[in-house]
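Student: I am attaching a structure below and will ask some questions about it afterwards.
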Amino acid sequence: MKENKWVLALIAIMLIAAGWYVYPSLFTDKQAVGTQAKSQEYEQALQLFKDGKPDQAKTLLEQGIASEPGEGKYHFALGNIARQQNKMDEALKQYEQAVQKSPRLVEAYNNLTAVLMIQNKMDDALKTAEAGLSQEPAFKDLLFKKGQLLYVKKEYGQAVSILQPLTSDKAYAEAYRFIGLSLVQEQKLEAAVQQFKLYLQQLPESAPGRTEIEKMTAELETHLKTSK
């Protein structure tokens with residue numbers, strides 16, 4: 001069956017209804033892996049950030065950089081502050097410094113990938129995700145991002161292969177949506193409907209876009225029945 005405008009409209013609505021899922025990392029217990037022990041300034045800065053005092057946290061983090069200039073965790077936290085304040089270019093800069101100074105800090109790759117996706121720099125985002133996965137191949141947030149990015153690059157089979165194992169974790173219910181979208185692109189509409197139904201089973205009743213996704217899934221089923 002040839003791809004048609006109806007299928008393309010379905011995909012557009014499915015994407016707009018729920019959007020991209022970038023899963024940024026805010027905190028991690030692994031920020032000092034392969035680095036010096038956590039400093040008192042860093043711990044205090046994290047607490048201030050959690051308490052909603054980003055400017056005070058930023059001051060301590062900058063002091064930390066001055067005392068440990070080769071440590072990436074401070075830049076990671078500064079990137080989180082910038083991202084929270086919607087200063088994406090600054091967040092990008094900080095996350096880049098974090099991975100340069102602390103290459104094993106996988107959460108920094110995760111957040112850098114997220115910012116690149118938000119900025120629609122998909123090729124750079126995929127390279128960053130793969131770099132992070134080379135440090136920790138089972139890091140689920142990055143695997144999910146990679147699956148979405150493969151979908152964007154029209155590598156639908158690879159996207160499904162990456163995303164399918166994530167569906168066993170309820171935190172990644174969105175994987176069903178992108179598996180379904182990939183299957184629609186491959187014209188495997190019955191399998192796509194299955195995935196969308198599994199997605200809806202996991203999706204809260206009040207979730208944004210649920211009504212649109214239910215409607216589109218029903219239209220897919222009607223299309224399948226009338227095309228037989």
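This table checks each residue for (1) in contact (Cβ under 8 Å) with a residue 24 or more places away in the chain; (2) touching a Phe, Trp or Tyr at 6+ places or on another chain (Cβ under 6 Å); (3) among the charged types (D, E, K, R).
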| position | (1), (2), (3) |
| --- | --- |
| ILE81 | yes, no, no |
| GLN85 | yes, no, no |
| MET88 | yes, no, no |
| ALA91 | yes, no, no |
| TYR95 | no, no, no |
| VAL99 | yes, yes, no |
| ALA114 | yes, no, no |
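Student: Working carefully through the options LYS228, LYS197, find the one that is farther than 26 Å from PRO137 by Cα and in a helix (DSSP H, G or I).
Tutor: Going through LYS228, LYS197 in turn, the sole match is LYS197.
Student: For residues that are over 21 Å from ASP124 (Cβ atoms) and of a type in the set (D, E, K, R), scanning just region 141-187, find the one that is surrounded by the fewest Cβ atoms within 10 Å (Cβ to Cβ).
Tutor: Step by step, filter region 141-187, then rank; the result is LYS170.
Student: May I pose another question? Please return the ranges of helices (runs of 4 or more DSSP H) entirely within region 83-163 where 3 or more residues are more than 14 Å from PHE178 (Cβ to Cβ) and of a type in the set (A, V, I, L, M, F, W, C).
Tutor: Hits in region 83-163: 88-101, 106-118, 122-135.
The rows are residues; the columns are (1) more than 23 Å from PRO165 (Cα to Cα); (2) among the basic types (Lys, Arg).
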residue: GLN44; (1), (2): yes, no
residue: ALA57; (1), (2): yes, no
residue: LYS73; (1), (2): yes, yes
residue: TYR95; (1), (2): yes, no
residue: LEU105; (1), (2): yes, no
residue: ASP124; (1), (2): yes, no
residue: GLU130; (1), (2): no, no
residue: LYS140; (1), (2): no, yes
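Student: Okay, moving on. Please find, within region 211-228, the residue that is surrounded by the fewest Cβ atoms within 10 Å (Cβ to Cβ) out of those that are touching a residue at least 24 places away in the same chain (Cβ under 8 Å) and farther than 20 Å from ALA159 by Cβ.
Tutor: SER227
Student: Inside region 164-194, can you point out the residues that are of a type in the set (Asp, Glu) and in a helix (DSSP H, G or I)?
Tutor: Selection gives GLU174, GLU190.
No value in this document is a laboratory result; all are computed from the given coordinates. Note that the structure is a prediction, hence the values are computed from the model and not measured. Because the Cβ atoms are built from the backbone with ideal geometry, glycine has one as well, and the counts that use them run over all protein chains shown.
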